[in-house]
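The values are calculated or read from the model by the stated rules, or taken from the named source; none is laboratory data. No experiment lies behind these values; they were computed from the predicted model shown. All Cβ positions, even for glycine, are placed from backbone atoms using ideal geometry, and neighbour counts span all protein chains on display. For accessibility, only protein heavy atoms count, side chains too; no ligands or nucleic acids. Shrake-Rupley method; radii C 1.70, N 1.55, O 1.52, S 1.80 Å.
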Amino acid sequence: MVNLLTADLNLLVALDALLIERNVTRAGARIGISQPAMSSSLQRLRRQFDDELLTRVGSAYELTPLAQVLKEDVGEILRMVERTFDAQAVFDPASSTRSFRVITSDYCLTALSGKLMSMLQKEAPGVQVHFDAVTPLAVDRIKETLQNADLMLIPKGHFSGFPHTELFTDNWVCVTGADSPERTLTIEEMRDARWARLFGAEVASTLADRKVYDLQLGERTDVIVDTFLMLPFAVAGTDRLALVQERLARMLAAVAGVRILQLPISLPTLVECAWWHPSKSGDPGHQWFRRLVARAAAELEPVSPSESTSASRVAADQTAAGPQVA
């Protein structure tokens, strides 16, 4: 058993950086120490654990099996230590210099940023917020993601089982090049069109993309992008189609040079939520921050409900899906 009185707990910080970066130089830069100092820390860690931790595979380093096990534990331990030293019976945003980490899509940040940044500047001028882009891997490893972040902003339907609060709703619309005539798309047009899509893979797509995919209407994908903000620009000047949130489509239509088209099928309403790890529920600072995000969302202009239950759209859904079995 390790004696905590004699152990150098600073090595945990170095270990966390090494496990995240998998590179000695980048790990040193991450925590503000030199490459030789980080190399020395790595050697000490290897002796401590009697394991290489990082092994070279070709031109890169990979984590050993033990290092993969340690990665989640070390990150959570450091977050717990930070929360312990940051803990206050009463959180005072006006004097706090605390840093919050938020994982979000560019769409959600674009929708919220004006309201949220204004509130932060007025109420908590010393508070820092670090925004990270949401990725398919972050969703796949949701427990680890929420342990290492304060909030994740992502719609309902991708996972469950964690505390969350609903922020706002939005509709899905279709965008195409501005020269395209204004109209309601037909099922045949959706089936024959070329598409731009987020991430490309079905497992990493939005719930709306998944429905279009299930109905076999968006199979001709020839442009794949990594962010929602790229989608309107990926269809500009073409007859290509893309599914975009209505708020984002209206914000970017003129700038990107796209037209918004009505869909002949119903798509699920987007319900944007803020998610967090249950270990953070009782933290006064965290409580304040998630209330702030919810307040910013509450000030957004509402979008009108989509025509998701009209008879024509229900019939179109059935036509797209083919014969139904009772």
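Here are a few things to note about the model shown:
- For the pair residue 66 and residue 113, the difference between a 0.36 nm per residue extended length and the Cα-Cα distance amounts to 12.9 nm.
- Once you divide the Cα radius of gyration of the range 116-237 by 2.2 N^0.38 Å, the number left is 1.30.
- Cα-projected label distance for residue 191 with residue 165, points at 7 Å along beta-carbon direction, nm: 4.6
- Between residue 141 and residue 225, residue separation times 0.36 nm minus the direct Cα-Cα distance comes to 28.1 nm.
- Residues with amide H under 5 Å from that of residue 241, placed H, sequence gap 5 or more: 194, 195, 196
- For 212, 69, 134, the ranking by accessible surface with the largest value first comes to 69, 134, 212, using a 1.4 Å probe.
- With N counted as the residues of the chain, its alpha-carbon radius of gyration over 2.2 N^0.38 Å works out to 1.19.
- Size of the range 218-266 from its Cα atoms: along the principal axes, largest to smallest, the extents are 27, 24, 19 Å.
- Per residue, the chain exposes an accessible area of 52 Å² to a 1.4 Å probe, with every protein chain left in place.
- Simple label model, 7 Å out from Cα along Cβ direction - residue 216 to residue 73, nm: 5.0
- Under 30 Å, Cα to Cα: Lys pairs in the chain, sequence gap 8 or more or different chains: 12
- Over the range 16-138: Rg over Rh, Cα atoms, Kirkwood Rh: 1.06
- For the chain, the dipole from Cβ point charges (+1 on Lys and Arg, -1 on Asp and Glu) about the Cα centre works out to 440 debye, to the nearest 20.
- Accessible area of the chain belonging to carbon and sulfur atoms, whole % at 1.4 Å probe: 54
- CD proxy at 222 nm, helix term only [per DSSP H run n ≥ 4: -39500 (n - 2.57); per residue of the chain; nearest 500]: -13500 deg cm²/dmol
- For the range 58-194: rounded, prolate or oblate by the Cα gyration tensor [a/c cutoff 1.5]: oblate
- These residues, 100, 159, go from largest to smallest accessible area, 1.4 Å probe, as 159, 100.
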